[in-house]
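Note sheet for the following structure.
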């Protein structure tokens, strides 16, 4: 299964998904974890699983629709983020269902890794 992992190693509140990535690859070797840049073209299709930090969450949450997220203001293509890219691919019919594993920024790495592994085993 292909799983998209988003984050930013430079910005601490957005770094958790990338910090747990090595552990997830060890725990779940049958999955392919992809880190993609929202500003590049993605060659993906079908149903997707996404792991990302979600601001204002107090506990990890599973989202079954992109409509659960508020669009951030965009003034130029430099403001194009992962959500905008996913919505564009959805509008073009290139992707199917999207499941987002949303992590709160303050969650511990161990708890995040365990939560993600449990969720992926159930999907």
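Values quoted throughout were computed directly from the atomic coordinates according to the rules given, and no laboratory measurement underlies them. All values derive from a computational prediction rather than experimental measurement. Here the Cβ positions follow ideal geometry from the backbone for every residue, glycine too, while neighbour counts run over all protein chains shown.
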- Query: If each of residue 40 and residue 27 carries a label point 7 Å out from its Cα toward its Cβ, how far apart are those two points in nm?
  - Reply: 2.6 nm
- Given the peptides 81-87, 109-115, 27-33, arrange them by the average over their residues of other C-beta atoms within 10 Å, most packed first. 81-87, 109-115, 27-33
- Message: Please report, in whole Å³, the volume per residue of the convex hull around the C-alpha atoms of segment 2-122.
- Response: 110 Å³
- Query: How high is the FRET efficiency between residue 67 and residue 1 when r is their beta carbon distance and R₀ equals 22 Å, given to the nearest 0.05?
  - Reply: 0.45
- Percent antiparallel among DSSP beta bridges (both partners in the chain, rounded to 5): 20 percent
- Query: Is any residue of segment 88-120 close enough, with backbone N under 18 Å, to a label point placed 7 angstrom from the Cα of residue 55 along the Cα-Cβ axis, and if so, which?
  - Reply: 102-107
- Label-point separation, residue 108 to residue 12 (7 Å along Cα→Cβ), nm: 1.8 nm
- Message: Can you compute the label reach from residue 19? Point 7 Å from Cα along the Cβ direction, backbone N cut-off under 12 Å, restricted to segment 78-109.
- Response: 104-109
- Task: Could you state the angle between the C-alpha long axis of helix 16-27 and the longest principal axis of the C-alpha atoms of the chain, as a value from 0 to 90 degrees rounded to the nearest 10?
- Result: 60 degrees
- Item | Cα long-axis angle, helix 109-122 against the chain (0 to 90 degrees, to the nearest 10) | 80 degrees
